[in-house]
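The values are calculated or read from the model by the stated rules, or taken from the named source; none is laboratory data. Bear in mind that the values here come from a model prediction, so they are computed numbers and not experimental data. Glycine also receives a Cβ, built like all others from the backbone with ideal geometry; neighbour counts cover every protein chain displayed. The area values use the complete protein model at the heavy-atom level, side chains included, leaving out ligands, DNA and RNA. Shrake-Rupley method; radii C 1.70, N 1.55, O 1.52, S 1.80 Å.
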Amino acid sequence: MSVHDFGRFGYLVAIVGILSKVIDFGLGPIVFRESSKEEDSNRLLNSAISIRLILFLSVLFIYNLVIYFLGFSSSEFILSNILFLSIILSTRMANFRELLATPFKVHLKMHYPMTLTILDSLLFLILVAIMPLVKGGIYYFVLSYVFSTLPGFIFQFIFLEKNFNFKPKIIFYKTGWLLKEAAPLAGFVLLTIVYQQFDIVLLTSFKDEYSAGIYSVATRLTMPLNIIPGIVVTTVFPYLVKNLRDRLKTDAINSLVYKSLFLISFIFAIVFSFRSETIVTLLFGSKFRAASLPASMIFWSLVFMFFNYFTLDLLTAHSRQILNLLYSLLLVIANTILNVLLIPQYSYAGVGFAKVIAGFFGFIFLFWVLCRYGFRLPFINSRFVLWTFSISIAVFLLSFLPLIIYLILSALVIAVSLKLFVYFENDEWDLFFRLINREKWSRHFRT
């Protein structure tokens, strides 16, 4: 696809993505929390699905009415309506498929929905790979993007019935209570997607679809990493909910999660940043080389956002959803103001810088919240800082080597440093493998 077409695709995905969070209404975390407490939660799940279905039809109708009066082109009308179907079919919009994954999360059987997500991606990859052979354009690309998720959507219902005797029904069980509990999170999830996607809308409006295309490539590079904190939270959330009164247990799991999320995000950010232009050119071609700078900025923003992601779920577990709303409001206001100030002069690079700064503001706010409510963060110590500094220097020196050698040696150096600096304590290794039901493996990692 041309940079222009990819920019148009990114622009429409951003609009649909923002509207998908109106449909989301923050129901997912509430259903997950309550399902972790009680065995029979199918009625609550069906009720949440029913609410989202009504919201979906309402938003779709209003959207088409608005774009008709705004004078959208016929191409934008057709493409955006096709993309609306991904709200139901796809895991990318995290709406209906997210709710359907709730029983798997509660019973730690996420290998089922994750396998289906891989199937979605594999089918999409195959369809894109044959795109030159069939001379497909943007319509082919969007249809592939949406309908490659249909088999996974169908299989998820089959697995739900087989494993949990779940049958979809249109019911409205505890609807008022659900909406009341989810209301603070509804604003939070909407503002969060505005933070994630509205910058592309602003970039297209202030600049052009070419700039949006460059920035869209940067977001595509980092997007797969967003699944990591979700996986971690899915693993530990039921444990946290069941042990809320035991601060020793919850402090231990919190420390392990924060250290793990920082490790993953920091490694990706630093390894990518030192060779960003080479990696972007290798993956997307020279015409997208300019995406290397905004991509680096987004990678660094994830260091803050991974911390923020788990903190928000931690607050949800303690029924403090209103703080999530305040956080997202701060994030969106900061990001929007920075984008308006930086885009006219710095284009897609300005959007990247805005992402990092806004993410840092959100981090500072949540760090203050944790301190205010007595949550401990014992992992931030001199050894942690020394490890971060040492790895930064080592990876920088290795970046002068050819790319493959650089990546291999960086991985080896980081692995050795974890052992050398005792990044994880013995009890943290024990806890980690206990969470994934592999206690016997911990002896191979103990110092």
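So here's what we get for this one:
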{"item": "Ellipsoid semi-axes in whole angstrom, largest first, where each is sqrt(5λ) of the Cα gyration tensor of the chain", "result": "32, 30, 22"}
{"item": "Computed over the chain: relative contact order in percent, which uses C-alpha pairs under 8 Å that are six or more apart", "result": "19"}
{"item": "Stretch gain in nm, segment Tyr173-Ser73, where the contour uses 0.36 nm per residue and the Cα spacing is subtracted", "result": "31.9 nm"}
{"item": "Taking region 341-441 and dividing mean pair separation by its residue count, relative contact order in percent (alpha carbons under 8 Å, at least six apart)", "result": "15"}
{"item": "Order by protection proxy (mean Cβ within 10 Å, highest first), peptides 5-14, 164-173, 112-121", "result": "5-14, 112-121, 164-173"}
{"item": "Anisotropy class of region 263-372 from Cα gyration tensor, a/c 1.5 cut", "result": "oblate"}
{"item": "Calculated FRET value between Ser382 and Ser417, using beta carbons and R₀ = 25 Å, to 0.05", "result": "0.95"}
{"item": "Protein accessible area in the chain, 1.4 Å probe - carbon and sulfur %", "result": "70"}
{"item": "Only Lys, Arg (+1) and Asp, Glu (-1) charged, at Cβ; region 1-83 dipole about Cα centre in debye", "result": "120"}
{"item": "Listed residues Ile264, Ile23, Ile88, most fluctuating in the chain (Gaussian network, C-alpha, under 10 Å)", "result": "Ile264"}
{"item": "Positive minus negative residues near Leu79 (Lys, Arg vs Asp, Glu; Cβ under 15 Å)", "result": "-2"}
{"item": "Rounded accessible area of Glu209 (nearest 10 Å², 1.4 Å probe)", "result": "40"}
{"item": "Over region 1-94, relative contact order from alpha-carbon pairs under 8 Å, at least 6 apart, %", "result": "39"}
{"item": "For q = 0.17, 0.20 Å⁻¹, Debye-computed log10 I/I(0) when each Cα of region 1-123 counts as one equal scatterer", "result": "-0.92, -1.13"}
{"item": "Sum of -39500 (n - 2.57) over DSSP H runs of 4+, divided by residues of the chain (222 nm, nearest 500)", "result": "-26500 deg cm²/dmol"}
{"item": "Accessible area per residue in Å² at 1.4 Å probe, computed on the chain", "result": "46"}
